[in-house]
1. Within 10 Å of each Cβ in peptide B:77-89, how many partner chain Cβ atoms are there on average? Round it to a whole number, please.
2. Using only the C-alpha atoms of the protein assembly as shown, find the volume of their convex hull and express it per residue in Å³.
3. Can you list which of the trypsin sites (Lys or Arg not before Pro) found in segment A:119-194 are DSSP loop residues with at most 10 other C-beta atoms within 10 Å?
4. Could you run the Debye sum over the Cα atoms of segment A:374-466, one equal point scatterer each and no solvent, and tell me log10 of I(q)/I(0) at q = 0.12, 0.22, 0.26 Å⁻¹, two decimals?
5. For segment A:327-428, how big is Rg over Rh, using alpha carbon atoms and the Kirkwood form of Rh?
6. Using a 7 Å offset from the Cα along the Cα-to-Cβ direction at both B:Thr326 and B:Arg162, what is the distance between the two label points in nm, to one decimal?
7. Antiparallel as a % of all DSSP beta bridges within segment B:134-248, to the nearest 5?
8. With a cap of 10 neighbouring Cβ atoms within 10 Å, and only residues DSSP puts in a loop, list the trypsin sites (Lys or Arg not before Pro) found in segment A:296-354.
Amino acid sequence: MKPTDIAHPDYFHKVVDCQWACPAHTPVPEYIRLIAAGRYGDAYMVNWNSNVFPGILGRTCDRPCEPACRRGRVEEGNVEIRKPVAHEHGTQPEPVAICRLKRVAADNKEDISARLPKAPKQKNGKRIACIGGGPASLTVARDLAPLGYDITIYEADPKAGGFMRSQVPRFRLPEAVIDEEVGYITGIGNIEVKTGTRVDSLKKILAENYDAVFVGTGAPRGRDLDVPGRAEAAKNVHLGIDWLASVSFGHIDKIGKRVIVLGGGNTAMDCCRSAKRLGGEDVKVIVRSGYEEMKASPWEKEDAIEEGIPILNFLVPKSCRVENGKLTGMSFEKVKAEYDAKGKRNLVPTGEAEQFFECDDVLVAIGQENAFPWIERDAGVEFDKWNMPVVDKVTFQSTNPKVFFGGDSAFGPKNIIWAVAHGHEAAVSIDKMFSGEEMKDRPLPAVTVISQKMGIHEWSYDNDISAALRNKVPWQDQKLTLKNIKVEVELGFDAKAGFAEAQRCLNCDVQTVFAPKLCIECDACVDICPMDCITFTENAEEAELRTQLTAPSLHPDQDLYVSEKLRMTGRIMAKDEDVCLHCGLCAERCPTGAWDMQKYLIKMTHAGPGCRKPQRKAA
Amino acid sequence: MTYLAKPKLHHPSLAPNAAGYTRRDYEGKISTLCAGCGHDSISASIIQACWELDIQPHRVAKLSGIGCSSKTPDYFLGNSHGFNSVHGRMPSVLTGANLANRDLLYLGVSGDGDSASIGLGQFAHCIRRGVNMVYIVENNGVYGLTKGQFSATATKGSKSKRGVLNPDEPVDLVGMALLLRATFVARAFSGDKKQLVPLIKAAIKHPGPSFIDVISPCVAFNNHEGSTKSYDYVRQHNAAVNRLDFIESREEITADYAPGEVINIAQHDGSQLRLRKLAADYDPTDRIKAMNHVQERAAAGEIVTGLLYLASEAADLHQYISTVDTPLNQLGTKELCPGSAALEKINAGLR
């Protein structure tokens with residue numbers, strides 16, 4: 001293998017699995033250390049800069065970081081450490097509770113308002129319209145307003161927030177948190193939010209001579225059910241996302257006693273838990289697929305079950321039964337999963353009799369779709385055969401150079417953190433466009449790598465690995481939460497539990513950096529490494545090299561860090577990054593300082609001077 | 001050394017051996033030796049060898065004297081018996097322990113100061129008595145604990161860290177072991193575990209006095225230019241006579257070698273020692289030639305490593321003095337005081 005190019009920003013970035021997996025590339029270990037140090041405000045600001053909505057995301061994020069978290073892989077096979085403890089979930093290896101730590105920062109921070117950007121006195125004269133007041137538009141506004149752009153956000157609902165406000169129920173995300181974090185953005189100054197203003201024509205917006213238009217209108221159309229009886233039962237069959245929005249805005253405050261929720265995604269979980277709070281006594285979720293294949297996040301399924309909501313799998317809706325003009329129940333066909341030669345799943349009927357479930361109301365949460373009835377097809381924005389706008393994957397620009405898309409409206413339904421990531425990128429494009437630069441020419445992120453050595457065996461991070469299991473977030477008493485839809489279920493970690501959980505983080509951003517010229521091949525690092533990550537061996541091609549490692553390579557997607565040839569023996573150092581604890585013992589045991597622990601911080605390229613070509617200063 | 005204990009977390013694939021222990025179970029306390037000390041690599045090799053041989057930790061006694069090397073038994077086999085003796089007196093204590101309980105595996109760990117200076121007599125007599133043990137000398141040529149004075153194994157003319165040349169002749173422990181008929185004699189380098197681990201395994205399985213001289217660089221006081229026991233010097237002057245593969249009896253012998261390249265030596269317990277020749281005409285079963293070869297190469301400035309000598313017929317102290325098969329510490333009153341009838345019989349035999 002060729003020696004690893006650690007100067008490339010991506011190499012060490014990938015080692016920080018959580019940050020690499022985060023669409024907005026939030027520096028997770030950095031803010032977790034700040035939480036452990038009790039510097040909640042600083043931790044909050046690290047988050048705010050990356051993901052804009054730490055308090056909201058700390059409660060609702062889809063957390064792509066957690067399945068990626070190294071801690072889960074590290075605890076694998078360590079049964080003796082995962083001794084069952086009464087209050088713990090179990091003995092499964094589990095990642096750090098990254099998402100809920102974000103909330104710890106948000107809940108405990110001091111007043112950070114003075115640290116937020118303000119609109120500059122000198123505006124740049126550019127006016128940007130953001131259609132839709134959700135996370136994508138708000139991110140664009142936050143990134144551009146402090147640079148002197150004047151932003152106008154059009155929001156159909158009474159308050160900005162989009163999906164976060166209309167669809168995420170209040171028992172998961174209190175109104176005050178949304179108001180606070182949306183307020184941080186609108187408080188910048190030069191952002192006007194036109195609430196209650198539904199845009200029904202892109203042409204009209206373009207006619208108002210905005211310099212650019214950002215479309216962040218989400219995926220606003222719930223997919224409907226098409227079965228016999230659906231039309232007759234219309235009064236009691238509701239589209240999940242519309243129903244949730246009506247609940248959020250107080251238009252609906254009750255539902256029938258027996259409720260069936262159709263669908264297996266996170267919206268279905270929000271629907272069933274909301275129904276339980278609005279008078280639903282017998283609420284059940286009925287899903288076509290098996291439990292494991294359901295789209296909902298595992299924890300959201302668990303939370304629904306925890307609240308006494310059964311999830312019935314492998315049942316396909318067949319018909320609604322309506323008696324005397326009223327819905328009385330639904331029939332389902334039992335199916336099973338069969339896999340064809342290509343591994344594709346087919347749901348085939350088992351041949352059993354149809355199952356009938358009585359109900360008073362049905363909530364349909366079987367998917368969301370994009371819809372752009374308000375964009376005239378001759379407004380210069382090209383649409384593809386699926387009726388989706390043609391959007392550049394890097395710049396988020398549409399075929400109308402002035403119009404950009406982001407969030408769910410760009411590439412279909414995803415989640416808040418992806419919307420934020422899109423918003424950042426679209427803001428970069430807009431800023432480059434008005435700086436007269438090539439939009440596709442995007443600078444690499446800025447990276448700093450700094451040694452953490454403080455003394456002979458002292459590091460500026462805590463390298464004593466905690467063997468503790470994942471802490472469970474405490475819940476409010478169900479007697480309270482199931483009665484009132486506005487009572488938040490999760491109480492969040494207190495400072496003590498937050499600290500304990502923060503200590504589970506392995507500090508993957510503190511990188512093991514190897515200087516081959518200093519190595520005397522004494523094997524001290526190989527001997528001390530608790531995870532057997534390090535090997536000194538003859539060089540070979542990657543596949544071959546992976547078979548020569550001290551411990552077997554379990555995840556080929558995890559990189560090998562390979563040095564150049566060593567001076568004395570001509571061997572190379574190969575480190576499997578997979579399960580490194582970043583404990584720094586290799587560096588402590590190294591007599592020559594060939595190993596060093598260096599903190600890698602990456603500053604993603606956001607709109608502003610960082611995304612533009614360096615300007616030569618006038619002499 | 002490190003301030004932190006090694007984290008208990010281990011690689012997910014870490015597996016137990018036939019005795020039910022993982023490699024990590026054979027570890028000891030965290031080493032307090034200098035970072036990069038060769039001794040730590042030897043500890044790691046002992047751990048690896050014991051794990052591979054499925055050794056029951058409680059059937060091992062590790063004994064040592066005084067010095068950096070003699071501290072190391074604290075850093076491996078944390079669940080085995082240990083005895084840290086007076087300086088240079090480990091061989092006597094080991095001999096005594098072995099006589100009392102012949103069933104344990106005896107691991108004597110010593111250094112060049114402990115065995116070649118203050119304990120030279122003990123070393124010699126323990127070898128010549130043929131005590132069944134693995135005697136490892138962690139040989140760095142300096143007194144590390146007292147800041148780097150030459151030890152008795154330092155090469156004449158080699159340079160100390162302060163620039164002083166050594167005026168004295170070195171004690172050649174390998175030569176003495178051969179002379180005094182250790183039945184297994186090897187030399188290795190702490191920086192080459194591929195060589196060291198099979199040698200330790202073979203020595204453990206050898207039923208007689210096994211001696212391994214391990215050149216183990218002292219990073220703090222003997223790893224400079226002019227030293228003959230530095231990482232660089234040993235790598236440049238290492239003249240390995242052979243490569244040993246230790247093959248347990250249950251393993252199948254698969255690799256093919258051209259005739260003449262390999263010597264297979266069957267052990268008593270059915271295991272095999274397979275030696276890949278590196279030096280042509282080196283015969284590890286010929287003690288006299290071995291002595292000559294080691295001396296010859298040493299005179300040429302080379303450090304001969306590998307399995308240097310293996311006696312075809314190994315015997316040990318218990319055979320020489322005809323002790324009973326049962327360990328002495330397990331004999332009860334019935335065996336030790338057989339009664340007046342037995343005494344009469346003995347007395348009659350002496351009349």
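What follows is calculated from the coordinates using simple rules that are stated; it is not laboratory data. Because the structure is a prediction, the values reported are computed rather than measured. We place every Cβ from the backbone using ideal geometry, glycine too, and count neighbours over all the protein chains shown.
1. Mean number of neighbouring Cβ atoms from other chains: 0.
2. Values: hull volume 242.4 nm³, N = 970.
Given the Cα convex hull of the protein assembly as shown, per-residue volume reads 250 Å³.
3. Passing both the DSSP loop test and the Cβ count: A:Lys121.
4. Results for segment A:374-466 at q = 0.12, 0.22, 0.26 Å⁻¹ read -0.54, -1.12, -1.34.
5. On the Cα set of segment A:327-428, Rg over Rh gives 1.17.
6. Taking the two extended label points, one gets 5.9 nm.
7. Details: 3 of 15 bridges.
Rounded to the nearest five, the antiparallel share is 20 percent.
8. A:Lys342, A:Lys344
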